[in-house]
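Only one structure is covered here, and it is reproduced in the block below.
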Amino acid sequence: MDSLLSILIWLPIFGAGAVLLIGNNRSQLARWVSAGISILVFLLSINLFLDFDTNTSSMQFVEKMSWISQFNIFYHLGIDGISMPLIILTTFSTILVIIAGWEVIKNRVADYMAAFLMMEGIIIGVFSAMDSMLYYVFWEASLIPMLLIIGVWGGQNRVYASIKFFLYTFLGSVFMLVSLIYMYNLGGSFAISDMHSLPLTLSQQSWIFWAFFLAFAVKVPMFPVHTWLPDAHVQAPTGGSVILAAIMLKMGGYGFFRFSLPITPDASSYFAFVVIVLSLIAIVYIGFVALVQKDMKKLIAYSSISHMGFVTLGVFALFSIMKMDSNGELISIAGASIESAYLGLEGAMIQMVSHGFISAAMFLVVGVLYDRLHSREISTYGGVVNSMPKFTGFAVLFAMANAGLPGTSGFVGEFMVILGALQANFWYAFLAAMTLIVGAAYTLWMVKRVFWGPIVNPDVKTLSDVNAREFGVLSILAVAVLWMGIYPQPVIEVMHISIANLLEQSLTTKIPAIL
């Protein structure tokens with residue numbers, strides 16, 4: 001279908017409009033319509049996945065029509081192996097969020113469901129846009145539903161958290177807009193593919209690199225621009241935390257893949273060490289910060305920052321592994337193999353998908369407990385296994401995945417990045433591997449105090465185990481976490497050719513030859 005990407009983008013957006021028209025007075029109908037739309041969009045994305053050609057790095061399902069002709073701006077869509085897994089993750093997560101909020105959300109139900117449907121369409125637009133201005137419009141538009149989700153259905157300090165979230169992410173994006181306009185003035189095109197081939201001096205690339213970096217680093221988020229995330233997570237409703245961690249953070253990682261590496265390869269190589277250091281600080285230091293948290297949501301939020309550090313480490317470690325010679329051939333640095341560069345980039349992609357599953361599961365676990373006792377404090381609980389054995393089984397599985405247990409998706413991406421980093425520098429790999437110790441420490445610390453031990457709060461004895469709806473949502477995520485941990489090959493096959501093309505672009509200089 002030639003317009004399948006447009007359908008995936010606009011069906012949930014127009015569906016959100018329909019849900020708003022249904023109104024909050026008919027909340028049950030709003031729930032069913034929202035669930036139906038999200039399931040339909042997911043099935044269409046599966047069809048997209050099945051029709052995807054894994055043997056080419058070219059953009060597929062391309063749509064192009066003039067949008068703002070006087071500035072050469074097009075409504076231009078297309079996906080490759082980097083976009084495809086993230087679109088599936090988006091449509092998958094949206095279904096879970098709508099089902100998870102089925103009984104929990106009682107205030108302005110239609111508005112709540114519509115916000116998530118709108119978010120779904122906009123983020124699919126981010127992952128599909130091939131025109132940089134279209135990309136920027138979707139990128140900024142994604143802030144609005146999340147701002148409302150936190151600001152309307154959030155906790156006691158929701159206004160502060162939502163404004164902090166908006167200011168951080170919006171201000172970072174302004175620099176990206178300036179760089180896009182600058183490249184348009186140089187090349188006369190807003191097409192992302194034209195920007196990939198635009199010759200740029202090292203000085204030009206450096207300014208553009210840091211402009212992109214500010215936008216993407218805030219979104220990931222990287223140290224030290226990460227402080228908005230814990231506040232946003234703590235105040236957001238459970239569904240908001242799930243979408244924020246599972247999908248919105250991946251927009252930052254995707255930006256490095258789509259923009260920073262192919263547009264500014266020389267600057268990316270030049271500044272790679274800085275990014276690697278910041279990534280390692282996030283992995284190790286933020287892991288220790290997570291260790292002292294007393295709020296479960298805040299602990300998982302800091303955990304997300306630490307795990308997302310693997311994404312940027314895997315992306316930028318490649319510049320310490322491979323380089324391009326004067327004949328255009330890839331050669332290794334210090335005896336490293338080209339497979340090591342693939343490991344880093346593919347590991348970063350796997351880590352983004354895996355983190356989407358695990359973070360969604362962890363926030364839903366906290367949401368189940370919060371719905372019952374209205375507390376996120378670890379000290380409130382203890383001995384939950386006695387009254388919620390089924391739920392504890394799910395929680396322990398997801399906690400082990402969060403700690404990187406082999407056989408779960410949490411292990412695969414991190415292990416691939418560590419192996420790739422080992423070829424770049426032993427200390428990169430050593431420090432990155434510290435997360436397997438620190439991550440296990442803060443995860444097991446939380447599990448022990450919440451689910452085991454003596455019951456210090458009498459209310460814990462009255463807790464009811466998961467109902468059918470909660471069991472279904474957690475079961476689906478458990479299957480996803482185990483499937484990715486045991487058999488990640490289908491995801492790797494989808495992205496491999498696109499990663500190979502990206503690797504070549506990243507190691508090819510764009511500095512104009514001096515005649």
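The values are calculated or read from the model by the stated rules, or taken from the named source; none is laboratory data. This one's a predicted model, so the numbers in the text were calculated from it and none came from an experiment. Cβ sites come from the backbone with ideal geometry, for glycine too, and all protein chains shown count toward neighbours. Note: areas computed on protein heavy atoms with side chains; ligands, DNA, RNA excluded. Shrake-Rupley method; radii C 1.70, N 1.55, O 1.52, S 1.80 Å.
Against the chain, whose longest principal axis is taken from its Cα atoms, helix 409-424 shows a tilt of about 30°. What a 1.4 Å probe finds exposed on the chain is 66% carbon and sulfur by accessible area, rounded to a whole percent.
Ranked by the mean number of other Cβ atoms within 10 Å of their residues, highest first, the peptides 266-277, 122-133 fall in the order 122-133, 266-277. Peptide packing for 207-213, 474-480 was compared via the average number of neighbouring C-beta atoms within 10 Å per residue; ordered from the highest value, the list is 207-213, 474-480. Rounded to the nearest 10 degrees, the angle from helix 109-128 to the longest Cα principal axis of the chain is 20 degrees. Taking all protein chains together and rolling a 1.4 Å probe, Leu21 ends up with roughly 150 Å² accessible. By its C-alpha gyration tensor, with a ≥ b ≥ c as the square roots of the eigenvalues, how is the range 200-309 shaped: rounded for a/c under 1.5, else prolate for a/b larger than b/c, else oblate? Judged from the Cα gyration tensor, the range 200-309 comes out prolate (a/c at least 1.5, a/b above b/c). For the range 142-282, how big is the tail of P(r) above 24 Å, as a whole percent of Cα pairs? Considering the range 142-282, 36 percent of its Cα-Cα pairs are separated by more than 24 Å. Taking the C-alpha atoms only, the angle from helix 132-141 to the longest principal axis of the chain is near 20 degrees.
Once you reduce the range 422-499 and the range 25-100 to the center of their Cα atoms, the two points are 26 Å from each other. For the set Lys64/Lys219; Lys164/Lys250; Lys106/Lys297, the pairs lying more than 24 angstrom apart at their alpha carbons are Lys64/Lys219.
Accessible area per residue for the chain, computed on protein heavy atoms with a 1.4 Å probe, is 37 Å².
Across every pair of non-identical alpha carbons in the chain, the mean reciprocal distance, once inverted, gives a Kirkwood radius of 23.0 Å. Please work out whether the range 102-182 counts as rounded, prolate or oblate from its C-alpha gyration tensor, where a ≥ b ≥ c are the square roots of the eigenvalues and a/c under 1.5 means rounded, while otherwise a/b larger than b/c means prolate and anything else oblate? It is oblate, given that a/c is not under 1.5 and a/b is not larger than b/c. Candidate cross-link partners of Lys448 among the aspartates and glutamates, defined by an alpha-carbon separation under 14 Å and a same-chain spacing of 8 or more, comprise Glu377. For the pair Lys448 and Ala35, the difference between a 0.36 nm per residue extended length and the Cα-Cα distance amounts to 145.1 nm. Placing +1 on the Cβ of every Lys and Arg and -1 on the Cβ of every Asp and Glu, with no other charges, gives the chain a dipole of roughly 1580 debye about its Cα centre.
When Ile37, Ile281 are compared by accessible area of protein heavy atoms, the largest-first order is Ile281, Ile37, using a 1.4 Å probe. Cα gyration tensor of the range 32-135, axes a ≥ b ≥ c as square roots of the eigenvalues: rounded (a/c below 1.5), prolate (a/b > b/c) or oblate? Note, shape of the range 32-135 comes out oblate.
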